[in-house]
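J.: Dropping a structure here in structure tokens format, bear with me for questions.
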Amino acid sequence: MNRQPAIFVSHGSPTLPLERNAATDFLRQLGPSLGRPESILVVSAHWDTARPAVSSAAKPETIYDFYGFPPELYRLRYPAPGAPKLAERAASLLEKSGLRTDIDPARGLDHGAWTSLMLMYPAADIPVTQLSIQSRLGPGHHVRLGDALRPLRDEGVLIFASGGATHNLRELSYQRGNPVPQPWVVEFNEWLADSLLARRKEDLVGYREKAPHAVRNHPTDEHLIPLFVALGAGSPDAAPQRLHSSIESGVISMDAYRFN
């Protein structure tokens, strides 16, 4: 079976499928460049639970977990089939690692999942399920979670982590439309890239204390948390690859990484 990587992408605004910019151009070519996985396990910043949970929905609904956006956004659907067997397999791996895991029979795909997948795999014909994060447990917990899920990659499963390399919506409201990347965003973004490529895992797990402008770029953890799942799912002896780098509205990094 074709071994799959773990991928982290920054999903930006819910309007991502309606936009045309460097990040959307990148996502449109990312799916074809990766090839077709057997199934996809999505880890989104927008499903946060007390303990790990996976969705066993056979037909995951398209969740519109946002408001105030253009009407055409709410007409989009991503009708990919669910992956109940993958949900059970993921839950089994997590349980074996001592991580008690729930199986949710109804959870659909939130915008952290479907907006990027719509660009990557527009045919919506690859089975997909979603795994929740536990942001209150911090980065180290999610590295452990990714490590437990690593065997899925040898079973044809694309581990797809979706969040944001930076995420400060208050700053976005000040800077919206500004094409000039803010220095404090660039500095954090490059620290993140350097730390990932150099495999400085301890620095990454402690990023809130060690990274420049960490709290300004991430007032809360949840949008960077999926990155740590991808980091844990990567092979320990293989350095990640930076697949894409761009900054929208001066403050929203759209960076993406591959973990081999």
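The values are calculated or read from the model by the stated rules, or taken from the named source; none is laboratory data. The model shown is predicted, which means the values in this text are computed figures rather than measured ones. When we count neighbours, we look across all protein chains shown, and the Cβ atoms used for this are built from the backbone with ideal geometry, even at glycine. These area figures cover heavy atoms from the full protein model, side chains too; ligands, DNA and RNA do not enter into them. Shrake-Rupley method; radii C 1.70, N 1.55, O 1.52, S 1.80 Å.
J.: For segment 219-260, what are the residues that are among the hydroxyl-bearing types (Ser, Thr, Tyr), closer than 19 Å to Leu152 by Cβ and open to solvent by 10 Å² or more (accessible area, probe 1.4 Å)?
T.: Filtering segment 219-260 for residues among the hydroxyl-bearing types (Ser, Thr, Tyr) gives 220, 235, 245-246, 249, 253, 257.
From what is left, the residues that are closer than 19 Å to Leu152 by Cβ are 235, 257.
Once the filter is applied, which keeps residues that are among the hydroxyl-bearing types (Ser, Thr, Tyr), closer than 19 Å to Leu152 by Cβ and open to solvent by 10 Å² or more (accessible area, probe 1.4 Å), segment 219-260 yields only Ser235.
J.: Okay, next question. Of these, Ala230, Ala193, which one is under 20 Å from Ala23 (Cβ atoms), touching a residue at least 12 places away in the same chain (Cβ under 8 Å) and within 13 Å of the chain's Cα centre (by Cα)?
T.: Answer to the selection: Ala230.
J.: Then there's this: Checking Val215 against (1) open to solvent by 40 Å² or more (accessible area, probe 1.4 Å); (2) within 22 Å of Leu131 (Cα to Cα); (3) not charged (D, E, K, R), only one condition comes out false. Which one?
T.: Going through the list (1) open to solvent by 40 Å² or more (accessible area, probe 1.4 Å); (2) within 22 Å of Leu131 (Cα to Cα); (3) not charged (D, E, K, R), Val215 breaks only (2).
J.: Does Ala91 satisfy the criteria of being of a type in the set (Gly, Ala, Ser), part of a strand (DSSP E or B) and touching a residue at least 24 places away in the same chain (Cβ under 8 Å)?
T.: Values: of a type in the set (Gly, Ala, Ser): yes; part of a strand (DSSP E or B): no; touching a residue at least 24 places away in the same chain (Cβ under 8 Å): yes.
No.
J.: While we're on this one: Kindly indicate whether Ala57 is surrounded by 19 or more Cβ atoms within 10 Å (Cβ to Cβ) and in a loop (DSSP other than H, G, I, E, B). Walk me through how you get there before you give the answer.
T.: On the way: surrounded by 19 or more Cβ atoms within 10 Å (Cβ to Cβ): yes; in a loop (DSSP other than H, G, I, E, B): yes.
Spelling it out, Ala57 is indeed surrounded by 19 or more Cβ atoms within 10 Å (Cβ to Cβ) and in a loop (DSSP other than H, G, I, E, B).
J.: Can you pull out the residues in segment 219-231 that are in contact with a Phe, Trp or Tyr (Cβ under 8 Å, 6 or more places away or on another chain) and not hydrophobic (A, V, I, L, M, F, W, C)?
T.: Within segment 219-231, just Pro226 meets the criteria.
J.: Name the residues in segment 27-50 that are open to solvent by less than 20 Å² (accessible area, probe 1.4 Å) and not in a strand (DSSP E or B), would you?
T.: Across segment 27-50, the qualifying residues are Leu27, Leu30, Gly31, Pro37.
J.: Exactly one of these conditions fails for Tyr121: (1) touching a helix residue (DSSP H, G or I) at 6+ places or on another chain (Cβ under 9 Å); (2) among the hydroxyl-bearing types (Ser, Thr, Tyr); (3) closer than 23 Å to Leu137 by Cβ. Give me its number.
T.: Failed condition: (3).
J.: Among the residues of segment 124-145, which ones are outside any strand (DSSP E or B) and either buried (at least 23 other Cβ atoms within 10 Å of the Cβ) or at pLDDT below 95 (or both)?
T.: Here is the first cut: in segment 124-145, the ones outside any strand (DSSP E or B) are 124-127, 134-145.
Selection gives His142, Leu145.
J.: Same structure again: Answer yes or no as to whether Trp184 is open to solvent by less than 40 Å² (accessible area, probe 1.4 Å) and without any contact (Cβ under 8 Å) to a residue 40 or more places away in the chain. Talk me through it step by step, then tell me what you get.
T.: Details: open to solvent by less than 40 Å² (accessible area, probe 1.4 Å): yes; without any contact (Cβ under 8 Å) to a residue 40 or more places away in the chain: yes.
It is true that Trp184 is open to solvent by less than 40 Å² (accessible area, probe 1.4 Å) and without any contact (Cβ under 8 Å) to a residue 40 or more places away in the chain.
J.: Then there is this: Is there any pair linking a residue in segment 149-167 that is free of Cβ contacts under 8 Å to residues at least 60 places away in the same chain to one that is outside any strand (DSSP E or B) and open to solvent by less than 10 Å² (accessible area, probe 1.4 Å), with Cβ under 9 Å and at least six apart or on different chains, and which?
T.: Close Cβ pairs (under 9 Å, with a partner that is outside any strand (DSSP E or B) and open to solvent by less than 10 Å² (accessible area, probe 1.4 Å)) do not exist here.
J.: Let me spell it out: the conditions are (1) over 30 Å from Pro179 (Cβ atoms); (2) not in a loop (DSSP other than H, G, I, E, B), and Pro17 meets all of them except one. Which number is the exception?
T.: Pro17 satisfies every listed condition except (1).
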